[in-house]
Amino acid sequence: MLASGSPRRAALLHAAGYEFEVRPSSVEEWPYSGGPPAGYAEALARAKVAAVAGDVVVGADTVVVLDDEVMGKPAGPQEAAAMLRRLSGRVHEVITGVAVRNRQTVRSGHARTRVTFRPLTDEDIRDYVATGEPEDKAGAYAYQGGAAAFVAGLEGHADTVIGLPIRVLERLLPDDLRRGHIRPSGGEQRPPG
């Protein structure tokens, strides 16, 4: 089970050769209250897998960190524009926490990638925010979408920025469920999109 309604995560999991069912978690993400950002991302991922039924459940959560501050999802267009102005011309870190629940056991881990944005103009920001893409995205951008044009450098793996680092997932899965061995009950269900 993939405990996420994110079509981006489903696409990454499908591209890696897994068969799965999508069953989004109903867990409400709580605000960051301090501590290591990676621990926060893992805690959210763990909460998501705990809330979804299934023999093997995979969950993830992604955060953007700039100047030791976790940037969540923007509350609206103005906050999205403000986040993008802060990221403009800067290096930031993207951390994705991954959790796997196998019956009663929950294991988690995370991956980090450093992303450098080119300097953004007011027009860049205005036009991008107008697309609506920054909504529901940590740091107000989608690397795999229109914001790809903002990225001047990447140190790490793109799947971490998109929202599901497959190499971390494979370390967390039980041996018999590694790549290509997950079988959903009741037949295969392709991810949306």
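The values are calculated or read from the model by the stated rules, or taken from the named source; none is laboratory data. Not measured: the values here are computed from a predicted model. Here the Cβ is made from the backbone with ideal geometry for all residues, glycine too, and neighbour counts use every protein chain on show.
The table below gives the values:
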read-out: Residue list for the range 88-132, restricted to those being crowded, with 17+ Cβ neighbours inside 10 Å and not in a strand (DSSP E or B); value: Leu120, Asp124, Ile125, Tyr128, Val129
read-out: Filter result (touching a residue at least 60 places away in the same chain (Cβ under 8 Å) and farther than 15 Å from Gly72 by Cα) within the range 13-47; value: Leu13, His14, Ala16, Gly17, Tyr18, Glu19, Phe20, Glu21, Val22, Arg46
read-out: Residue in the range 169-183 that is out of contact with any Gly (no Cβ under 8 Å at 6 or more places or on another chain), on the phi > 0 side of the Ramachandran plot, modelled with pLDDT of 95 or more and surrounded by 12 or more Cβ atoms within 10 Å (Cβ to Cβ) present; value: no
read-out: Residue within the range 16-36 that is assigned to a strand (DSSP E or B), of a type in the set (Gly, Ala, Ser) and farther than 25 Å from Asp124 by Cα present; value: no
read-out: Residues being aliphatic (A, V, I, L, M) and more than 17 Å from Ala47 (Cβ to Cβ) - total across the range 1-37; value: 7
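Residue-by-condition table, conditions (1) crowded, with 22+ Cβ neighbours inside 10 Å; (2) at pLDDT below 90; (3) farther than 21 Å from Val161 by Cα; (4) of a type in the set (D, E, K, R):
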position: Ala15; (1), (2), (3), (4): no, no, no, no
position: Arg23; (1), (2), (3), (4): no, no, yes, yes
position: Val27; (1), (2), (3), (4): no, no, yes, no
position: Tyr32; (1), (2), (3), (4): no, no, no, no
position: Gly39; (1), (2), (3), (4): no, no, no, no
position: Ala47; (1), (2), (3), (4): no, no, no, no
position: Gly54; (1), (2), (3), (4): no, no, yes, no
position: Val58; (1), (2), (3), (4): yes, no, no, no
position: Asp61; (1), (2), (3), (4): yes, no, no, yes
